[in-house]
Amino acid sequence: MNYFTSEKRYSTVNEFYRQTFGSKVYKITLNGDFTCPNRDGKISYSGCIYCSESGSGDFAGKKEDTLENQFQAIKSMMENKWQEGKFIVYFQANTNTYAPVVKLRSLFDKAITLHPDIIGLSIATRPDCLEEDVLDYLEELNSKTYLTIELGLQSIHEETMDFINRGHDLKTFEMAVKELRNRNINVVVHIINGLPGETKEMMLQTTRYLNTLPIQGVKIHMLFIQRNTQLAYLYQKNPFPLLSREAYVDIVVSQLELLNDSIIIHRLTGDAPREELIEPKWSLKKLVVANEIDKLMRQKNSFQGILT
Ligand code: SF4
């Protein structure tokens, strides 16, 4: 089953939510004040080379605030733009299962009851932070709400992974997907296009690999160079080629053509705060990127999964 619309030739998350929950669904990003083992010294102190000071969670609530206040602040801020809808609360910054189960329980059990219209919970984490007791708790949580675990894969190529200092291997990722799916938990995988040294073919290999997994969704990002990251330091010292908007659009369309149409597309661009972004500047115009993707798909008379 696909979730295409008259405008989008791929399975959009908005359409999926509309059909599943009967209304528009908004994500509210909260901050649970987690750290990351790839930044606190358990694996490394340096983290993934593109990771920002906020732990790649630049649009979350303020970690000093209670969950209630974070939720209310974001909801009120957005209310003018929003029509009626339901909510998914999202924990994005750092590694959101990197804590004892007692902390996870007090945080996530509360998060899903912050508002009667919260219908789901999304948790971003690392595949190496899903121990047995955490998985058991997530299974319990999955029986109470629409739970999604987001895992960062970024690329299947180990040389790239070493370069970006991801700190875990493909086997660990595969095991995490298997354990989550054994518990019937939804899995969304993040990949990044434009990592240094990667060709279009390498990015397409990562995409083909996604089809072999029992996953429910994908987030496709472009590589961002943000201030105060190791990547920024490397780029400023020795600039490497970055994807142009045209090249990114071409790659994304090829990826969509390869992806099974049952895999929901949660993102086709990324979000970096304007003041933190060094490159690519074209990524700030997200709507233009999305429109260019739609345009190219129409021109090619293409759609998600046409090549599967
Ligand atoms: S796993 Fe996430 S939070 Fe941790 S260093 Fe990498 S990008 Fe940053």
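Mind checking whether some residue in the stretch 237-254 is acidic (D, E), buried (at least 17 other Cβ atoms within 10 Å of the Cβ) and farther than 30 Å from Y146 by Cα?
Within the stretch 237-254 (the criterion being acidic (D, E), buried (at least 17 other Cβ atoms within 10 Å of the Cβ) and farther than 30 Å from Y146 by Cα), the answer is no, since none of the residues qualifies.
From T145, T172, T160, which residue is closer than 26 Å to T113 by Cα and not charged (D, E, K, R)?
T145
Return yes when E53 is within 16 Å of the ligand (Cβ to nearest atom), on the phi < 0 side of the Ramachandran plot and within 22 Å of the chain's Cα centre (by Cα) and no when it is not.
So E53 passes the test.
Looking at (1) modelled with pLDDT under 95; (2) surrounded by fewer than 20 Cβ atoms within 10 Å (Cβ to Cβ); (3) not β-branched (V, I, T), can you tell me which one Q92 breaks?
With (1) modelled with pLDDT under 95; (2) surrounded by fewer than 20 Cβ atoms within 10 Å (Cβ to Cβ); (3) not β-branched (V, I, T) applied to Q92, the lone miss is (2).
So which strands (runs of 3 or more DSSP E) stay within the stretch 178-283 end to end and still have 1 or more residues that are more than 19 Å from the chain's Cα centre (by Cα)?
Answer list for the stretch 178-283: 277-279.
For the stretch 155-173, name all the residues that are in contact (Cβ under 8 Å) with a residue 12 or more places away in the chain and either of a type in the set (D, E) or near the ligand (Cβ under 9 Å from one of its atoms) (or both).
E158, E159, I164, N165, R166, G167, H168
Of (1) touching a strand residue (DSSP E or B) at 6+ places or on another chain (Cβ under 6 Å); (2) more than 19 Å from K219 (Cβ to Cβ); (3) surrounded by fewer than 22 Cβ atoms within 10 Å (Cβ to Cβ); (4) of a type outside the set (V, I, T), D136 satisfies all except one. Which?
(1)
Looking at (1) over 29 Å from S6 (Cβ atoms); (2) touching a residue at least 24 places away in the same chain (Cβ under 8 Å), which one does P241 not meet, given that it meets all the others?
(2)
Just checking, does the stretch 240-250 include any residue being more than 19 Å from T95 (Cβ to Cβ) and within 16 Å of the ligand (Cβ to nearest atom)?
No, there is no match, as no residue in the stretch 240-250 is more than 19 Å from T95 (Cβ to Cβ) and within 16 Å of the ligand (Cβ to nearest atom).
Looking only at the stretch 11-41, count every residue that is in contact (Cβ under 8 Å) with a residue 40 or more places away in the chain, outside any helix (DSSP H, G or I) and of a type outside the set (D, E, K, R) and tell me the total.
Adding up the residues that qualify gives 15.
Check the stretch 162-175 and report whether any residue there is over 24 Å from Y45 (Cα atoms), under 17 Å from the mean Cα position of the chain (by Cα) and crowded, with 21+ Cβ neighbours inside 10 Å.
no
From the set of residues in the stretch 56-85 that are crowded, with 18+ Cβ neighbours inside 10 Å and at pLDDT 85 or above, which is farthest from the ligand (Cβ to nearest atom)?
F71
Does the stretch 113-124 contain any residue that is out of contact with any strand residue (DSSP E or B) (no Cβ under 6 Å at 6 or more places or on another chain), over 20 Å from L30 (Cα atoms) and away from the ligand (no atom under 13 Å from the Cβ)?
Looking through the stretch 113-124, none of the residues is out of contact with any strand residue (DSSP E or B) (no Cβ under 6 Å at 6 or more places or on another chain), over 20 Å from L30 (Cα atoms) and away from the ligand (no atom under 13 Å from the Cβ).
The values are calculated or read from the model by the stated rules, or taken from the named source; none is laboratory data. Computed from a predicted structure; not experimentally measured. Every residue, glycine among them, receives a Cβ derived from its backbone with ideal geometry; neighbour counts consider all protein chains shown.
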